[in-house]
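Below: one structure, written as structure tokens.
Only the coordinates and a few stated rules stand behind these numbers; no lab work does. Source: prediction; values computed, not measured. As a convention, Cβ positions derive from the backbone with ideal geometry for all residues, glycine included, and neighbour counts pool all protein chains shown.
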Amino acid sequence: MEEVHFNFEDLKVYQKALGFTDFVYDLTSKFPASEKYGLSSQFTRAAVSVALNTAEGSGDSDPQFHRFLQIAEGSVRECVTCSTIAYRRDYITNEENKKARIALLELLKMIRSLQH
């Protein structure tokens, strides 16, 4: 059976966002159970939002695509805050926080490059 493929799946930023989402799911799986509906949920939803908004906006007009990219950019900033809180609460290591921040900076640069 032939694989069904969508154009947005070729966007490097979309692929990077999916990779980051996997990373966040792995990170948050180690959070305390008390964070299931708190920080864990917020962090995963923000990470997923980057990929979702990149995909959703890609087939739209340029102004709409830019709007979705702005939302994705906001989700990146939200992930930075979630990672910082997780580090401050000792849910993740300094190394994991650094890895998250490096990936988020790269995503932010990729999103911004699509906006110009």
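Computed per residue of the chain from DSSP H runs no shorter than four, each worth -39500 (n - 2.57), the mean residue ellipticity at 222 nm is -25500 deg cm²/dmol. Of the trypsin sites (Lys or Arg not before Pro) in the range 1-90, the ones in a loop by DSSP (not H, G, I, E or B) with at most 16 other beta carbons within 10 Å are 30, 36, 89.
Charged side chains reduced to their Cβ positions (Lys and Arg at +1, Asp and Glu at -1) give the chain a dipole of some 640 debye around its Cα centre. Would you mind pulling out the separation of the Cα centroids of the range 69-94 and the range 1-33, in Å? The range 69-94 and the range 1-33 have Cα centres separated by 17 Å.
So which chymotrypsin sites (Phe, Trp or Tyr not before Pro) in the range 10-80 are both in a DSSP loop and have at most 15 other Cβ atoms within 10 Å of their Cβ?
37
For Rg/Rh (Cα atoms, Kirkwood Rh), the candidate list reads (i) 1.02; (ii) 1.22; (iii) 1.08; the entry that matches the value derived from this model is (i).
Within the same chain, aspartates and glutamates fewer than 8 places from residue 99 are excluded, and of the rest, those with a Cα less than 16 Å from its Cα are 22, 26, 78, 90. Length gained on full extension, residue 7 to residue 106, computed as 0.36 nm times the residue gap minus the Cα-Cα distance: 33.5 nm.
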